[in-house]
1. List the relative contact order of the chain as a percent without decimals, with contacts defined as Cα pairs under 8 Å and 6+ residues apart.
2. Report the full-extension gain for the segment Gln130 to Ala94: residue separation times 0.36 nm, less the Cα-Cα distance, to one decimal in nm.
3. Between region 38-67 and region 88-129, how far is it from one alpha carbon centroid to the other, in angstrom?
4. Using Cβ counts within 10 Å as a stand-in for footprinting exposure, how do Cys64, Cys28 rank, fewest first?
5. For Pro140, what charge total do you get from the other residues with a beta carbon under 12 Å from its beta carbon, if Lys and Arg give +1 and Asp and Glu give -1?
6. Find out how many positive minus negative residues lie around Pro36, taking Lys and Arg as positive, Asp and Glu as negative, among other residues whose Cβ is under 10 Å from that of Pro36.
7. Sorting Val85, Val98 on the 10 Å Cβ count, fewest up front, what's the list?
8. Calculate for the chain the 222 nm mean residue ellipticity that helices alone would give, adding -39,500 (n - 2.57) per DSSP H run of length 4 or more and normalising by residue count, nearest 500 deg cm²/dmol.
Amino acid sequence: MEIVCPHCGQRNRLPAERLAQGPVCGKCREALLSAPVNAGPELLAALIAQDSLPVLLDFWAPWCGPCVGFAPTFKAAAAKYGGRVVFAKLDTEAHQAVGAQHNIRSIPTLASFRKGRELGRISGALPPAQLEQLVRQLTPG
C-alpha cells in the first residue's frame, strides 16, 4: 500500500504487514501513523483488508461544520494511539462512490474495522472522552 506522510506529503510504499511495526516516513522520518491518513478508495480497501492493526475511519466532507470541528479531536487521538490503531479519513465529497458503498447517510461517521470486517459505526462528532473510549475498545490490553 502507499501512504502519503501526513507530515511532509512524501509517498511511502509500505507492506500491510509492517503497519504494526511503527513505520516512519522515508523523507522526514516522522511516524506515518501519528496523524490521520487521508485515504482514497485503493488505500482504504488495503487498510480495511490488512490484519495488523484495527482501523478507525472518519467519513467526512470539507463543507461539514461538525466534521471540521471534530478534526482536531481525531488528530489528537491519532497522535496518542497511532501505531496501535490506524486513524484514516475519507472525504465523502471527493469519493462519493465509496461513501455510497459503505452506506454513509450522515457525516461525520466513524466506522471501525478489523481484519476486513466492519465492527461498528457511530454518527456525529464525538467528544474526546467518548472517542478515547471507542479507541480503547479497539485496542484491548
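1. It rounds to 25 percent for the chain.
2. Between Gln130 and Ala94, full extension yields an extra 10.2 nm.
3. If we compute the Cα centre of each part, the gap is 7 Å.
4. Ranking Cys64, Cys28 by Cβ neighbours within 10 Å, fewest first, gives Cys28, Cys64.
5. Net of charged neighbours comes to +3.
6. Local net charge: +1.
7. Val98, Val85
8. Working: 4 runs with 43 residues, N = 141.
Counting only the DSSP helices, I get -9000 deg cm²/dmol.
Bear in mind these aren't lab numbers, they're just calculated from the coordinates by the rules spelled out. Here the structure is a predicted model, which means the values were calculated and not measured. Here the Cβ is made from the backbone with ideal geometry for all residues, glycine too, and neighbour counts use every protein chain on show.
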